[in-house]
Amino acid sequence: MVKPLPITFDFATWTQLVPESEIRRLLRFKVRYYFAGGKPGVLPTEALSNTLIELGKYCLQLIGEGERGRVIEVFNYCPTEGVKELRETFANLLRERDGLDVCWEDITITTGSQQAIYAILDVLLNPGDVVIIPRPAYLGFVNAATKFMANIVTVPMTEQGIDPEHVRKAIRLSSEKFNRRPDLIYVIPDSDNPSGTTMPLKRREELFEVALDEGVLIV
């Protein structure tokens, strides 16, 4: 029989503030048409399968040529910021499609939006900082902001996304309630999760002007 240790351990304070993951709870449901959590339904399965087949053939060819070390490199850890060739591809896309002045060193690859959210909040937020989010908002962001002990101010959504004028009012409210300006505004302009809205260009410009006037970052 294993005896209990004569010591106790406490979890971090933030774990008491975050309830069970709503995303995980939603994913328990088994339905034909899924309108709850964000769950990709259409994937290029044939293209992905062919890519894996080609990768396998390439690795077998290298092994046959006595280049087993190069095969190990293929499956080894990649740089923390992501593979250079992939970062170059994204940088070229942003330059050609969107006209952005970026180079591959400006790009970081993450394993998904959640890792990106945690990385961004980790370097931007201190306990007590203020974050403006839409209502409703992506639950993964809400939980992450709570974990970093942020004060959350919500603003209503419309069919065109987050309302810039309500954002301006929320900035004023933050100054009155928390005696400080918000540190960032969180928004998903394309296919918002969970509302599904996409912000028109005019509203994006209005939101940008509010953030610029008030000196608040947009994430």
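GNM on the chain, alpha-carbon springs under 10 angstrom: the most fluctuating residue among Pro164, Pro79, Pro44 is Pro44.
Remark: Val71, Val155 ranked as Val71, Val155, counting other beta-carbon atoms within 10 Å and listing the fewest first. Listed by Cβ neighbour count within 10 Å, with the fewest neighbours leading, Asp106, Asp101 appear as Asp101, Asp106.
Our note on the geometry: Cα centres of the stretch 65-98 and the stretch 109-134, 25 Å apart.
Rounded to the nearest 10 degrees, the angle from helix 45-64 to the longest Cα principal axis of the chain is 40 degrees.
Can you give the relative contact order of the chain as a percent, counting alpha carbon pairs under 8 Å and 6+ residues apart? So the answer I get is 16 percent. Rounded to whole numbers, the Karplus 3J(HN,Hα) couplings from phi for the stretch 158-172 are 10, 5, 9, x, 5, 8, x, 5, 5, 5, 4, 5, 5, 5, 5 Hz, using 6.51 cos²θ - 1.76 cosθ + 1.60 with θ = phi - 60°, and x at Gly and Pro.
So which of Lys84/Lys202; Lys30/Lys202; Lys57/Lys84; Lys147/Lys202 end up more than 28 Å apart by C-alpha? Violating the 28 Å Cα-Cα cut-off are Lys84/Lys202; Lys30/Lys202; Lys147/Lys202. When all alpha carbon pairs of the chain are counted in 5 Å bins from zero, the resulting P(r) reads 1, 5, 9, 12, 14, 15, 13, 10, 7, 6, 4, 2, 1, 0 %. Each helix, a run of at least 4 DSSP H residues, gives -39500 (n - 2.57); summed and divided by the residues of the chain, these come to -14000 deg cm²/dmol at 222 nm.
FRET efficiency for Asn126 and Gln160, Cβ-Cβ distance as r, R0 = 25 Å, nearest 0.05? So, using R0 = 25 Å, E works out to roughly 0.15.
In terms of surrounding Cβ atoms within a 10 Å radius of their Cβ, Ile132, Ile109, Ile53 rank from fewest to most as Ile53, Ile109, Ile132.
Where a number appears in this text, it was derived from the coordinates with a stated rule and is not lab data. Predicted model, so just to flag it, every value in this text is computed and none were measured. Neighbour counts run over all protein chains shown; Cβ positions are idealised from the backbone, glycine included.
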